[in-house]
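The values are calculated or read from the model by the stated rules, or taken from the named source; none is laboratory data. Predicted model, so just to flag it, every value in this text is computed and none were measured. Every residue, glycine among them, receives a Cβ derived from its backbone with ideal geometry; neighbour counts consider all protein chains shown.
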Amino acid sequence: MTPNELVEIEEIKRLKYRYLRCLDQKLWDEIRTCFVPETTAAYSGGKYSFEGAAAIVGFLERSMGAETFLSSHRCHHPEIELSDATTARGVWALEDVVIEEKWGITIRGAAFYTDDYVKRDGSWKILHTGYRRTYEEIEARADSPSLKLTAHWWKTGGTSELDAG
């Protein structure tokens, strides 16, 4: 592997990390910059499939946009293969946690993302993204009476309500 190829792979990693950060922070305009217009997505083994960046971002905003929907998506162990100077494929391990305050549930899971990337105008973009679950579990938050959410990006500005003294 050449030093230039390592730089290209690092740029793809940064793209995926930006996608996840924007997802969790609900930065819909910024997440749109991660895609080419013709991007496709197949989430949850294809259960939720979309064609076009606008359709993907619309789905994400509708399904994850409420301030009661808190998420943490962490991808790691990337396996990125450059096909040529402008195309690549990546496989990523995903671990995610979702807290939906409105429904009083916590969802935890793991999956593997498979992404296709394309380099346009000097920047890597997602051409296709999708994941298939290895597992997913759901828990009613009421089943854990001592469970309390003490920090919230939107309600507490991300500051913990715990007394440090």
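Might you check whether a residue that is touching a strand residue (DSSP E or B) at 6+ places or on another chain (Cβ under 6 Å), surrounded by 15 or more Cβ atoms within 10 Å (Cβ to Cβ) and free of Cβ contacts under 8 Å to residues at least 40 places away in the same chain occurs anywhere in segment 116-138? Looking through segment 116-138, at least one residue is touching a strand residue (DSSP E or B) at 6+ places or on another chain (Cβ under 6 Å), surrounded by 15 or more Cβ atoms within 10 Å (Cβ to Cβ) and free of Cβ contacts under 8 Å to residues at least 40 places away in the same chain. Total residues in segment 61-105 satisfying the condition of being closer than 17 Å to Arg21 by Cα and of a type in the set (Phe, Trp, Tyr): the figure is 2.
Sub-8 Å Cβ pairs linking a first residue in segment 60-89 that is over 23 Å from Tyr48 (Cα atoms) to a second residue that is surrounded by fewer than 12 Cβ atoms within 10 Å (Cβ to Cβ) and at pLDDT below 95, at least 6 apart or interchain, number zero.
The single condition among (1) surrounded by fewer than 17 Cβ atoms within 10 Å (Cβ to Cβ); (2) in contact with a Pro (Cβ under 9 Å, 6 or more places away or on another chain) that Trp92 does not meet is (1). Can we say Glu95 is touching a Lys or Arg at 6+ places or on another chain (Cβ under 7 Å), over 30 Å from Leu147 (Cα atoms) and among the acidic types (Asp, Glu)? When the stated conditions are applied, Glu95 does not pass them. The set of residues in segment 47-100 that are of a type outside the set (Ser, Thr, Tyr) and part of a loop (DSSP other than H, G, I, E, B) comprises Lys47, Gly52, Gly65, Ala66, Glu67, Asp84, Ala85.
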